[in-house]
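J.: Got a structure here, written out as structure tokens. Questions coming.
Computed from the coordinates by the stated procedures, all read-outs in this text should not be read as laboratory data. Every value quoted in this text rests on a predicted model; they were computed, and no experiment measured them. Cβ atoms come from the backbone with ideal geometry, glycine included; neighbour counts cover every protein chain shown.
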Amino acid sequence: MDESLLRQNQDPSALRQDPKKLSRGQRIKKALGPVGVVIATLFAKFKLLLLPVLKFLPLILKTGGTILLSVWVYAMAWGWWFALGFVVLIFVHECGHLIVARRFGLKVGAPVFIPFMGALIALKDAPRNAWMEACVGIGGPLFGALGAAACYALYPLTGRPFFVALAYTGCFLNLFNLAPLGFLDGGRIVTALSPWLWIVGLAIIGAMAFVHPTFLLILILIISLPRLFSLFRARTDAEKRYFEVTPAQRWTMAVLYFGLVAALVAGMHAAQITLAPAAQPS
């Protein structure tokens with residue numbers, strides 16, 4: 001064996017790494033000594049705790065952040081408790097869409113709340129046919145109606161008219177969304193019945209915009225125009241396949257849709273009757 005190599009193996013200083021070859025982290029750790037080991041250990045543990053938070057940060061910003069913003073904005077007009085209840089009802093409504101969409105295997109984004117415009121979920125996968133679109137569309141109002149019913153059921157338990165007012169608001173919110181037009185839930189639902197019902201929705205929203213013009217109503221009318229125009233042109237083969245619905249599916253959706261409309265109207269009427277004595281001056 002070469003003599004110089006033998007001396008190198010026997011010399012402890014030969015086992016030391018060249019400082020130039022050490023990484024930046026190793027050089028810092030070596031300079032700090034035992035303190036550096038403690039800091040590195042604490043940082044590793046902090047990183048493990050931070051990773052789950054960072055993973056859900058987009059969800060917190062999109063959903064949690066917009067929920068807090070909506071509650072704050074609505075609270076300026078209606079007070080904190082009613083604002084919180086109202087946003088919870090919207091959240092329940094959006095959960096209905098999300099759950100049904102995922103049942104069909106569609107990829108959906110987290111709900112995003114927009115003050116005075118409600119909330120929305122982004123469908124990353126488009127529904128494959130009108131039946132699927134209608135099911136996802138009606139999921140929101142169905143859950144929303146259940147949320148309003150839960151509020152009404154809390155009134156006899158608490159004796160607070162606050163919950164009846166929330167129930168009335170929830171019924172109205174979901175009934176408005178059932179208007180058969182554009183990106184409203186009703187516009188999606190009637191794709192499984194008859195797209196020509198969009199004309200009825202145009203008349204309803206148009207009348208509301210004429211009597212009480214608001215930015216939201218005008219926006220709905222503008223965004224709905226492309227689908228309305230599509231009624232008066234020849235459909236492609238792909239569009240014909242999209243709107244193919246079995247008679248059983250059409251009847252099922254018709255019963256759900258018109259039954260839900262009737263139930264929400266009845267809920268609003270019941271809430272008005274319950275609130276009438278409380279509104280009368282004593």
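J.: So, in the stretch 229-243, how many residues would count as being surrounded by fewer than 10 Cβ atoms within 10 Å (Cβ to Cβ) and in a helix (DSSP H, G or I)?
T.: 3
J.: Related question: Report yes if ALA153 is without any contact (Cβ under 8 Å) to a residue 12 or more places away in the chain and either in a helix (DSSP H, G or I) or surrounded by 22 or more Cβ atoms within 10 Å (Cβ to Cβ) (or both), otherwise no. First the steps, then the outcome.
T.: Values: without any contact (Cβ under 8 Å) to a residue 12 or more places away in the chain: yes; either in a helix (DSSP H, G or I) or surrounded by 22 or more Cβ atoms within 10 Å (Cβ to Cβ) (or both): yes.
Yes.
J.: Just checking, does the stretch 212-223 include any residue being under 19 Å from LEU173 (Cα atoms), surrounded by 11 or more Cβ atoms within 10 Å (Cβ to Cβ) and among the aromatic types (Phe, Trp, Tyr)?
T.: Initially, the stretch 212-223 is screened for residues under 19 Å from LEU173 (Cα atoms), giving 212-221.
From what's left, surrounded by 11 or more Cβ atoms within 10 Å (Cβ to Cβ): 214, 216-221.
With the extra rule that they be among the aromatic types (Phe, Trp, Tyr), the set shrinks to none.
No: zero hits.
J.: Given the criteria assigned to a helix (DSSP H, G or I) and within 30 Å of ALA150 (Cβ to Cβ), does TRP198 qualify?
T.: Numbers: assigned to a helix (DSSP H, G or I): yes; within 30 Å of ALA150 (Cβ to Cβ): no.
For TRP198, the condition - assigned to a helix (DSSP H, G or I) and within 30 Å of ALA150 (Cβ to Cβ) - is not met.
Table: residues versus (1) surrounded by fewer than 12 Cβ atoms within 10 Å (Cβ to Cβ); (2) outside any loop (DSSP other than H, G, I, E, B); (3) touching a Gly at 6+ places or on another chain (Cβ under 8 Å).
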position	(1), (2), (3)
PRO226	yes, yes, no
VAL245	no, no, no
GLN249	no, yes, no
VAL255	yes, yes, no
MET268	no, yes, no
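J.: Can you find a residue that is closer than 19 Å to LEU219 by Cα and small (Gly, Ala, Ser) anywhere in the stretch 158-174?
T.: No.
J.: Right, here's the next one. Applying the selection to the stretch 66-83, what residues are free of Cβ contacts under 8 Å to residues at least 60 places away in the same chain and either in contact with a Pro (Cβ under 6 Å, 6 or more places away or on another chain) or surrounded by fewer than 16 Cβ atoms within 10 Å (Cβ to Cβ) (or both)? Before the answer, list the steps.
T.: If we filter the stretch 66-83 for residues that are free of Cβ contacts under 8 Å to residues at least 60 places away in the same chain, which is where we start, we get 66-80, 83.
Within the stretch 66-83, LEU68, LEU69, SER70, TRP72, VAL73, MET76, ALA77, TRP78, GLY79, TRP80 meet the criteria.
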